[in-house]
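*Asks:* There's a structure below that I have some questions on.
Rule-based calculations on the coordinates, nothing more; no lab input. None of the values given here were measured: they were computed from a predicted structure. Because the Cβ atoms are built from the backbone with ideal geometry, glycine has one as well, and the counts that use them run over all protein chains shown.
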Amino acid sequence: TSNFAILNLGEKNSDGYSIKVEKAEETDQNIILTLKEIAPDKEVIIPDDYKYPFCLIKINSKKDIIFQ
């Protein structure tokens, strides 16, 4: 049995944004995911183009998921 999680940053107005799982921990009752949003370097010129960065995760557990 598995759980799925979709991590979505919503609409962004340029390339270079992403989201990733930095750490995953399992406790007796939960799965704890530590997340990190990655943004483009402010000094780099990036063309305007709407993006919807996301990440799909499969977790082989039915425990509750906590996002940090």
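*Asks:* Using a Gaussian network model of the chain with C-alpha springs under 10 Å, which one of LYS58, LYS20, LYS42 is most mobile by mean-square fluctuation?
*Replies:* Fluctuation is largest for LYS42.
*Asks:* Here's a follow-up. What does the charge count around LYS63 come to, taking other residues whose C-beta lies under 13 Å from its C-beta (Lys +1, Arg +1, Asp -1, Glu -1)?
*Replies:* -3
*Asks:* Next up: Under 8 Å for C-alpha pairs, at least 6 residues apart: give me the relative contact order for the chain, rounded to a whole percent.
*Replies:* On the way: 134 pairs, mean separation 33.4, N = 68.
With pairs under 8 Å counted, the relative contact order is 49 percent.
*Asks:* OK, next. Given springs between every Cα pair under 10 Å in a Gaussian network model of the chain, which of ILE45, ILE32, ILE19 has the largest fluctuation?
*Replies:* With Cα springs under 10 Å in the chain, the top fluctuation among ILE45, ILE32, ILE19 is at ILE45.
*Asks:* Same structure, new question: Given H placed 1.01 Å from N in the peptide plane, which residues other than close sequence neighbours of ASP15 have an amide H under 5 Å from its amide H?
*Replies:* ASP49
*Asks:* List the pair-distance distribution P(r) of the chain, using every Cα-Cα distance, as the percent of pairs falling in each 10 Å bin from 0 up to the bin containing the longest distance, rounded to whole percents.
*Replies:* With a bin width of 10 Å, the distribution comes to 19, 42, 24, 12, 3.
*Asks:* What do you get for GluC sites (Glu not before Pro) in segment 1-55 restricted to DSSP loop and a cutoff of at most 10 other Cβ within 10 Å of the site's Cβ?
*Replies:* Here the sparse-neighbourhood loop sites are GLU11, GLU43.
*Asks:* ³J(HN,Hα) across segment 51-59 via Karplus (A = 6.51, B = -1.76, C = 1.60, θ = phi - 60°), whole Hz, x for Gly/Pro?
*Replies:* 10, 10, x, 8, 9, 10, 10, 9, 10
*Asks:* For the chain, give the magnitude of the charge dipole about the Cα centre (Cβ charges: +1 Lys/Arg, -1 Asp/Glu; no others), in debye to the nearest 20.
*Replies:* 260 debye
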